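Participant: Dropping a structure here in structure tokens format, bear with me for questions.
Every read-out reported here was derived from the displayed coordinates using simple, explicitly stated rules and does not represent laboratory data. Quick caveat, the model's predicted, so the values are computed rather than measured. Note that we place each Cβ from the backbone using ideal geometry, even for glycine, and neighbour counts take in every protein chain shown.
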Amino acid sequence: GAAEASDLLLIATPDAAIPEVAAQLMAEGGVHDRHAVLHLSGLLDRGALAPLQPTGAGLGSFHPLQTVADPETAPSRFRGAYAGVEGDGSAVGAGEALARLLGMTPVPIAGRAKAAYHVGATLVANYSVVLMGMAMRLAEGAGVPADTAARMYLPLLHGASENLSALGPVRALTGAVRRGDTGTVAAHLAALSGADRAVYAVVGLEALVLARSAGLGPEAAEALERMLTEAARG
């Protein structure tokens, strides 16, 4: 729904409902030029609020870059996180003030760039969970008990996250692709089939981009690229 704090209106609905809520607010006549109206979509920009343009209100979006599965933990999760802020001048100002109030760092995002920005959020917040689920499934398939498979990769994920925080992706990358270990990559591909093999190969090609940046030699990089490209094509 829409919640008002001073002259700020937040629309916290599924993306498809945002224009409907904006039209309803327009029909009710409660939005004026002193207001800033922000929706919380990571994908949509101020255009979703087009019905409110005649009011003269500031229009934009505020997208917290944090994953919240439990509403009770949200306040502590927001502190220290970033927020994508987009819109006209007064909306961006309101979004930046809201971010600071929540202990977040605002990041201005152009409306035309929101889709690419949101892909990044999806890869980190959603696809990392998907990859963990895939790893657990593969471990169970290898004979690891389900309760152990559900826990044993978590310290590894935490360690990778700490390395990322300290070093960034290029220096934090470890593993067979980073070492140029074609034998290990070939063994991995042989152990996989279907979609699992394709996912490994496509992500491996992205790992190869980082490995090259980190200094992997051209001979090993080219051999890995051939191997992974063939696997990605199925």
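Participant: Over region 1-131, what lengths in whole Å, largest first, do the semi-axes of the equivalent ellipsoid take, defined as the square roots of 5 times the eigenvalues of the alpha-carbon gyration tensor?
Facilitator: So the equivalent ellipsoid measures 24, 16, 14 Å along its semi-axes.
Participant: Using just the helices of the chain, give the 222 nm mean residue ellipticity in deg cm²/dmol: DSSP H runs with n ≥ 4 each add -39,500 (n - 2.57), and the total is spread over all residues, rounded to 500.
Facilitator: -15500 deg cm²/dmol
Participant: Report the Cα centroid-to-centroid distance between region 13-38 and region 115-155 in angstrom, as an integer.
Facilitator: Using only Cα atoms to place each centre, the spacing works out to 38 Å.
Participant: Under 10 Å, Cα contacts only: if you run a Gaussian network model on the chain, which one of Val124, Val202, Val31 comes out with the highest mean-square fluctuation?
Facilitator: Looking only at Val124, Val202, Val31, the largest GNM fluctuation is found for Val202.
Participant: In debye, nearest 20, what is the charge dipole magnitude of the chain about its Cα centre with +1 on Lys and Arg Cβ and -1 on Asp and Glu Cβ, if you could check?
Facilitator: 580 debye
Participant: Sequence gap at least 6, Cα distance under 8 Å: using those rules, report the relative contact order of region 71-197 to the nearest whole percent.
Facilitator: Details: 68 pairs, mean separation 17.2, N = 127.
This gives 14 percent for region 71-197.
Participant: Name the trypsin sites (Lys or Arg not before Pro) in region 90-156 that are in a loop by DSSP and that have at most 11 other C-beta atoms within 10 Å, would you?
Facilitator: Qualifying residues, ordered by number: Arg151.
Participant: Could you tell me the convex hull volume per residue, in Å³, taken over the Cα atoms of region 119-234?
Facilitator: So the per-residue hull volume is 107 Å³.
Participant: Right, here's the next one. Along the charge dipole of the chain, pointing to its positive end and built from +1/-1 on Cβ of Lys, Arg, Asp and Glu, which listed residue (Thr174, Val119, Leu101) has its Cα farthest out?
Facilitator: It is Thr174, whose Cα lies furthest towards the positive end.
Participant: Using Cα-Cα distances under 8 Å and only pairs 6 or more residues apart, what relative contact order does region 157-234 have, in percent?
Facilitator: For region 157-234, the relative contact order is 38 percent.
Participant: Same structure, new question: What is the Cα coordinate range of the chain on the first, second and third principal axes, sorted by size from largest, in whole angstrom?
Facilitator: Ordered largest first, the chain gives principal extents of 67, 40, 34 Å.
Participant: Only Cα pairs within less than 10 Å get springs; with that Gaussian network setup on the chain, which residue of Gly95, Gly175, Gly60 has the largest fluctuation?
Facilitator: Maximum among the listed residues: Gly175.
Participant: Another one. Have a look at the DSSP beta bridges in the chain and tell me what percent are antiparallel, nearest 5. Intermediate results must be reported in sequence, preceding the final value.
Facilitator: Details: 10 of 22 bridges.
Looking only at bridges with both residues in the chain, the antiparallel portion is about 45 percent.
Participant: Could you check what % of the DSSP bridge pairs in region 21-99 are antiparallel, to the nearest 5?
Facilitator: Antiparallel bridges make up about 60 percent of those DSSP assigns within region 21-99.
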